[in-house]
Amino acid sequence: MKKETTNIILKTEDLSIGYASKKTETVVASNINIELKKGELIGLVGANGIGKSTLLRTLTNVQKPLSGAVFINKKSIQDYNPLDLAKVLSLVLTEKIASKNLSVFELIALGRQPYTNWVGNLSELDTSIINKAILQTNIKDLQHKKCFELSDGQLQKVMIARALAQDTDLIILDEPTSHLDMYHKAYILKLLQKLSKDTGKTILFSSHEIDLAIQLCDTMIVMNAGTVVSNQPCKLIQQGVFESLFPKDLINFDKDTGSFRVKK
Amino acid sequence: MSKTYKYSFLALTLILVLCFFMNISLGSVSIPFKAVFNSLLNNGVAQESWQHIILNYRLPKAITAIIVGSGLGISGLLMQTLFRNPLAGPFVLGISSGASLGVALVILGSGVFGGVFASFFVTKWSIVIAASLGSFLVLLSVLIVSTRVRDTMAILIIGLMFASITAAIVSVLSYFGSAQQLQQYVFWGFGSLGNLSWSDLVIFLIIYLIGLLASVFSIKALNTLLLGENYAKSLGLNIKRSRLIIIIATSLLAGTITAFTGPIAFIGLAIPHLTRQIFNSSNHKILLPAVFLLGGIVMLICDSISQLPNSDYTLPINAITALIGAPVVIWLLVRKRGMVF
């Protein structure tokens, strides 16, 4: 039992997320109690506009919770100073990087920023961690290319390598598979699964690829009109969570294959 | 990787030194090379007036050229990275327009406010103070706005609006100004590197060095900002503080340079792009010293051209930098990769 709790990287306690202005409070979801364990791959799914981004923003301390708290390694994220948080949590965002003139190696090297000196010089340790991240994501042949020469799929691998180089317990990715073709969607998610197993890092991603997430994730977080459930994918299927995810007029969830089917 | 950069830096440093001596040895009075060196080393020169020209006119002017070229180049580099916009520069932020407004108020406004005011205030130092004050006020407004508006794109547009407002006020003032005042304002607008005495230069240099130091301390933040603000934040960067330091560095550099030498166009925009093309890098650890060297070189060459060697004419430096700078920007845009940063 004790061992179980030490393995928890991220934990939320009665978290309520949403937006508060002076007069009104818009609650997106409440009573969120999730635990992410070491070395797990976790998929966050839900319909468009259900609040996945709001949840991720709250988990990454971009946005304050309405109530409740988020703990990383048993410390509330509000108590972290920005630099210490950068050493336990790295992000892969949907936004494009500002400068595509960076080389792949330079971009990944920026992941070492929280550890480098005032002018950003790389130590031998930094370089070896960067090279390891390059090997783990299979981009050795890309490392001297410029970012504007890369395809979307290649760039996504580079961004994942950058997050790995940041050397954090937890990596959070916001829709890492959008804009990718079917093969690369599967490739990226499979890569994330392998990385979580090989490196022991906890990896949380949001995605619309529910089929793939069911096949690859250790745990899934499903957001559904104000409620958030998290469990192993097979248990969620048994509970019938996915059926209620979307309006029933167009697509049906098939429990046997774990995928959605268009109504004929 | 670092070895090839080492050779490039060595070459640029050599070119800078060469340009420096070329700039000193050229001018309206023809002075032999040997005499130039002798006057610098204080070894006895054939004509005393030569040494006077070299030491009290050409030497401070050459040093000013290096300060202006490197300072404007670096402030352009900082702005382009901070605003993630290849068109950003000291002019776009409104810093130079602020300086212009200050000067216009002093020179042209004296006509509106009366004669005593005019004779008392239109001196060189009043222009310098007015320009510094003007750029500082515009900067302050941009800073206040930037704490409320989080979007850097909006700040850029606000800077452009400030520039339009100041241009309009200058137009109104020039409508009421006398022909003589108008001429004086236009001459300031031409830009000049040669108006600084040694005592001016010391003050100029001190403010410049503070701006330079702030830029050097921003290198890591600038590199982080290449990823975009959200990534930079996720890497633990204190965005607000970094942004403040970068804006202060820019305004110190661009504001004082405009104050002392008049508005000098295109250096701030073109030099960072030229440097990126030559060094093919976005790393500010390399770009910052490279922009320093290249800015100094280009400014020394522009100044040598504007002197029209061995003639009595001096062309406005602002026109020369635009004549060289604008084609460079067009050339960069026409090239396939365009203005990447």
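The values are calculated or read from the model by the stated rules, or taken from the named source; none is laboratory data. Given the structure is predicted, the values throughout are model-derived calculations rather than measurements. Cβ sites come from the backbone with ideal geometry, for glycine too, and all protein chains shown count toward neighbours. Ligands, DNA and RNA are excluded from the accessible area calculation, which covers all protein heavy atoms including side chains. Shrake-Rupley method; radii C 1.70, N 1.55, O 1.52, S 1.80 Å.
Each residue in region B:196-219 was checked for being farther than 30 Å from A:THR60 by Cα, open to solvent by 20 Å² or more (accessible area, probe 1.4 Å) and within 14 Å of chain A (Cβ to nearest Cβ), and 3 of them qualify.
Of the set (1) within 15 Å of B:LEU235 (Cα to Cα); (2) at pLDDT below 95; (3) not charged (D, E, K, R), all apply to A:LEU107 but (2).
Let's see how each residue does on (1) touching a Gly at 6+ places or on another chain (Cβ under 9 Å); (2) under 13 Å from A:LEU44 (Cβ atoms):
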{"position": "A:TYR187", "(1), (2)": "yes, no"}
{"position": "A:LEU191", "(1), (2)": "no, no"}
{"position": "A:GLU209", "(1), (2)": "yes, yes"}
{"position": "A:MET220", "(1), (2)": "yes, yes"}
{"position": "A:SER230", "(1), (2)": "no, yes"}
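A single member of B:LEU222, B:LEU227, B:LEU193 is at negative phi, crowded, with 19+ Cβ neighbours inside 10 Å, in contact with a Leu (Cβ under 9 Å, 6 or more places away or on another chain) and not in a helix (DSSP H, G or I), and it is B:LEU227.
Each row is one residue, and each column tells you yes or no for (1) more than 9 Å from chain A (Cβ to nearest Cβ); (2) closer than 26 Å to B:ASN195 by Cα; (3) open to solvent by 10 Å² or more (accessible area, probe 1.4 Å); (4) within 23 Å of the chain's Cα centre (by Cα).
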position	(1), (2), (3), (4)
B:LEU235	no, no, no, no
B:ARG243	yes, no, yes, yes
B:LEU252	yes, yes, yes, yes
B:LEU269	yes, yes, yes, yes
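Against the conditions (1) more than 10 Å from chain B (Cβ to nearest Cβ); (2) free of Cβ contacts under 8 Å to residues at least 24 places away in the same chain, A:PRO65 satisfies every one except (2).
Open to solvent by 30 Å² or more (accessible area, probe 1.4 Å) and at pLDDT 90 or above: is that true of A:ASN7 in this structure? Against the criterion (open to solvent by 30 Å² or more (accessible area, probe 1.4 Å) and at pLDDT 90 or above), A:ASN7 does not qualify. Within region A:177-190, not a single residue is open to solvent by less than 60 Å² (accessible area, probe 1.4 Å), under 22 Å from A:THR12 (Cα atoms), out of contact with any Cys (no Cβ under 7 Å at 6 or more places or on another chain) and part of a loop (DSSP other than H, G, I, E, B).
Against the conditions (1) buried (at least 21 other Cβ atoms within 10 Å of the Cβ); (2) under 16 Å from B:LEU226 (Cβ atoms), A:PRO65 satisfies every one except (2).
Would it be correct to say that A:ILE160 is part of a helix (DSSP H, G or I) and within 30 Å of B:PHE279 (Cβ to Cβ)? Criteria met by A:ILE160.
Of all residues in region B:37-74, those that are surrounded by 23 or more Cβ atoms within 10 Å (Cβ to Cβ), of a type in the set (Ser, Thr, Tyr) and touching a residue at least 24 places away in the same chain (Cβ under 8 Å) total 2.
Checking B:SER281, B:SER311 one by one, the residue that is outside any helix (DSSP H, G or I) and within 14 Å of chain A (Cβ to nearest Cβ) is B:SER281 and no other. State which residue is nearest to the other protein chains (Cβ to nearest Cβ) when the search covers only region A:83-107 and only residues that are of a type in the set (Ser, Thr, Tyr) and open to solvent by less than 50 Å² (accessible area, probe 1.4 Å). Step by step, filter region A:83-107, then rank; the result is A:SER99.
Scanning region B:27-48 for residues that are assigned to a helix (DSSP H, G or I) and closer than 21 Å to B:LEU201 by Cβ yields B:VAL36, B:SER39, B:LEU40. Restricting attention to region A:191-236, the residues that are outside any helix (DSSP H, G or I) and of a type in the set (S, T, N, Q) add up to 9. Looking across region A:49-75, just one residue is touching a helix residue (DSSP H, G or I) at 6+ places or on another chain (Cβ under 6 Å) and assigned to a strand (DSSP E or B), and that is A:VAL70. Among the residues of region A:68-82, the ones that are within 13 Å of chain B (Cβ to nearest Cβ) and surrounded by fewer than 18 Cβ atoms within 10 Å (Cβ to Cβ) come to 2 in all. Listed conditions (1) away from chain B (no Cβ under 12 Å); (2) more than 27 Å from B:GLN277 (Cα to Cα); (3) surrounded by fewer than 16 Cβ atoms within 10 Å (Cβ to Cβ); (4) touching a helix residue (DSSP H, G or I) at 6+ places or on another chain (Cβ under 7 Å) are all met by A:LYS140, apart from (2).
Kindly indicate whether any position in region A:119-130 is small (Gly, Ala, Ser), under 19 Å from the mean Cα position of the chain (by Cα) and within 8 Å of chain B (Cβ to nearest Cβ). No: zero hits.
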